[in-house]
1. Taking region 13-28, which residues are in a helix (DSSP H, G or I), free of Cβ contacts under 8 Å to residues at least 12 places away in the same chain and of a type outside the set (Ser, Thr, Tyr)?
2. Take the conditions part of a helix (DSSP H, G or I), open to solvent by 100 Å² or more (accessible area, probe 1.4 Å), among the acidic types (Asp, Glu) and farther than 30 Å from Arg89 by Cβ and apply them to Glu4. Does it pass?
3. Condition test on Thr88, is it at pLDDT below 85 and either among the acidic types (Asp, Glu) or surrounded by 12 or more Cβ atoms within 10 Å (Cβ to Cβ) (or both)?
Amino acid sequence: MIAETVCSAAAVAGLGIAVVTAYRKRFLAAARIAAYALVPLGLVMTGVVEWAADTAFSPTAWAGFAVLGGAWALFATTRTVERRRGGTRKERRAAARSEQAEAVAPAASAPSLGRASRPASRPAAAPRATGGADDFSDIEAILKKHGI
């Protein structure tokens, strides 16, 4: 009952300030102040204030908040452990699949696409330390290795 009275009084005071502001020919600001002033009155009329007051003094509601806090703590703990292990389950599966694919690929004697006219055991070009001119030398070596 007290919360409804306080909200109604705040709404009336806000509307009074809006009237004074409109009297000073600041209509846009007055409309904004009136909108803010009507929010507590609307909350009282819809019953939100009564629900909030009942929730604030209910032991069941506080037990519910404690359960929500415990759930949040469990979630945060599992995320921390998951990050220390190295990613999500999906990421670990993808990493395992890529390791299996890499184990097969180096044993291949020739690329599956393209011509097989050159020997497969040709050494890769050594990287040069010239700076910006040969930034793509490692990429070129990979492409040459695969016959592209």
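The values are calculated or read from the model by the stated rules, or taken from the named source; none is laboratory data. What you see is a predicted model, and the numbers here were worked out from it, not measured in a lab. Please note: Cβ atoms are built from the backbone with ideal geometry, for glycine as well, and neighbour counts cover all protein chains shown. Remember, those area values only see protein heavy atoms, side chains included, never the ligands or the DNA or RNA. Shrake-Rupley method; radii C 1.70, N 1.55, O 1.52, S 1.80 Å.
1. Restricting attention to region 13-28, the residues satisfying the condition of being in a helix (DSSP H, G or I) are 13-23, 27-28.
Subsequent filtering for residues that are free of Cβ contacts under 8 Å to residues at least 12 places away in the same chain retains 16, 19-20, 22-23, 27-28.
Listed by number, the residues that qualify are Gly16, Val19, Val20, Ala22, Phe27, Leu28.
2. Taking the combined requirement at face value, the residue does not satisfy it.
3. yes
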